[in-house]
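Novice: Sharing a structure below in structure tokens format, with a few things to ask.
None of the figures in this text is laboratory data; all of them are computed from the coordinates on show. A quick note: this is a predicted structure, and the numbers were derived from the prediction, not measured. Quick reminder, even Gly has a Cβ in these numbers, built from the backbone with ideal geometry, and neighbours come from all protein chains shown.
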Amino acid sequence: MENIFLGKQPILDRNQNLVAYELLFRTTEDNQANVSDGFRASANVVVNVYGHLGIQQVLGNLRGFINVNHELLLDDAVLLLPSKHVVLELLETISATPEVVQRCIELKQMGYQLALDDVTRIDDRIGPLLPIINVVKVDVLALTDNEIIDLIQKLRAWPVIPLAEKVDSPERARMCMDLGFEMFQGYFFARPVIVSGGKIESGRLSLLRLLSLVMRDAEIEEIEQLLKHEPGLSYSLLRMVNSVAAALPQKIGSIRQAIIAMGYRPLKRWVQLLLYAADPSGELNEANALMQTAAISGRLMELIATIDRPHDKNYQDRAFMTGIMSLLDTLFSMEIQQIVDKLEMPDEVIRALVHREGRLGCKLRLIEAREKGNAEQVEKAMAELEFLDQPDLVKAELDALDWANHINRPASS
């Protein structure tokens with residue numbers, strides 16, 4: 001288990017109402033950025049917000065300003081961000097080349113809002129972008145009073161929202177208010193706060209295997225099989241899909257549904273972002289015994305569900321996810337209720353995981369009783385599952401173990 005951190009600084013309107021947050025890359029809880037790679041920093045913010053912490057927990061109903069460097073701006077990975085949730089904040093290192101201007105026009109047409117960061121003057125670097133941009137963030141800390149007055153007057157030539165950033169005193173706040181700035185950000189109003197959580201680190205080898213599959217448009221079944229061996233990746237995928245697809249008519253409760261709902265192109269972007277966010281100096285993780293146990297539990301639940309409902313693939317998928325998630329509380333050092341709340345799983349799965357109730361809950365109780373060697377509880381669960389006899393259960397257990405032995409087999413090329 002690895003701790004993850006994210007900074008968020010409030011952005012206020014003229015009435016000092018909270019209207020957005022800037023989301024900031026953080027590596028520790030001491031509120032320091034330590035950015036050495038802009039692309040990796042932005043990728044980490046995206047992955048943490050959408051794949052680990054959850055967009056609702058971080059932003060609520062507000063928008064998040066996310067820093068975008070030149071590389072990420074031109075990469076399709078940026079399209080993974082839902083336009084209704086974010087403002088793409090172009091870093092001051094980006095110049096208004098024809099390629100950048102065209103990209104910004106395309107993003108604007110897709111519904112994205114764009115902001116310019118750390119603006120101190122209008123020059124050829126930003127001039128061609130001003131007709132496209134929604135918000136201009138003026139670095140008032142770097143300017144004198146007269147320079148701020150001159151800049152805000154020039155900005156009135158374009159339909160942009162001026163935002164005063166790095167406001168650090170009541171005098172500067174009052175001045176910016178009087179000059180007509182519409183949004184405000186800085187230590188005078190609020191310092192960034194740290195949001196933290198935990199994530200399961202998935203080895204880069206697994207990500208590369210997954211990327212190799214999605215890049216060649218492998219069959220859904222092939223991608224599903226790889227993800228079934230990777231509970232951590234499966235969890236992250238479900239978090240991502242449920243975060244960005246809140247408008248779907250039903251909750252996503254299986255790996256297959258998540259792949260279909262996300263689609264191949266966004267899936268590729270998600271895997272790429274995970275790779276970008278990974279520590280480039282980190283060693284590949286060895287197979288974790290607890291992870292393998294979770295995978296075995298998922299497969300065994302799926303096999304028992306297949307005996308129960310041989311023609312109901314969706315039910316079998318829900319059974320697999322129930323088995324995998326039954327150990328995520330241990331993996332994450334979190335209460336299982338917190339995990340299912342973040343994933344917004346179907347009620348049937350939630351009842352099984354939290355209370356061991358329902359038909360899936362009974363199957364889970366059976367598996368756990370077998371693991372603990374509790375003959376009385378095994379007999380009780382078997383009595384409830386009238387369709388299952390001892391030979392079927394033993395065969396399913398052997399099949400699940402055999403399946404798990406192939407966990408480290410490389411994906412076919």
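Novice: Sort 317-324, 346-353, 396-403, 70-77 for me by packing, meaning the mean count of neighbouring Cβ atoms within 10 Å per residue, highest on top.
Specialist: Details: 317-324: 27.1, 346-353: 20.9, 396-403: 15.8, 70-77: 18.4.
Ranked by mean Cβ neighbours within 10 Å, highest first: 317-324, 346-353, 70-77, 396-403.
Novice: I need the peptides 373-380, 357-364 ranked by packing, meaning the mean over residues of other C-beta atoms within 10 angstrom, with the highest value on top. Write down the numbers at each step before the final one.
Specialist: Working: 373-380: 12.4, 357-364: 20.4.
Ranking, from highest mean packing down: 357-364, 373-380.
Novice: While we're here: Take peptides 254-264, 381-391 and line them up by average Cβ neighbours within 10 Å, highest first, as a rough protection proxy.
Specialist: Details: 254-264: 19.1, 381-391: 13.1.
Taking the mean over residues of other Cβ atoms within 10 Å, the ranking is 254-264, 381-391.
Novice: Right, here's the next one. What is the dipole size for region 57-126, taken about its Cα centre, with +1 at each Lys and Arg Cβ and -1 at each Asp and Glu Cβ, in debye to the nearest 20? Before the final figure, lay out each step's value.
Specialist: Values: 6 positive and 11 negative charges, 74 e Å.
Dipole about the Cα centre, nearest 20: 360 debye.
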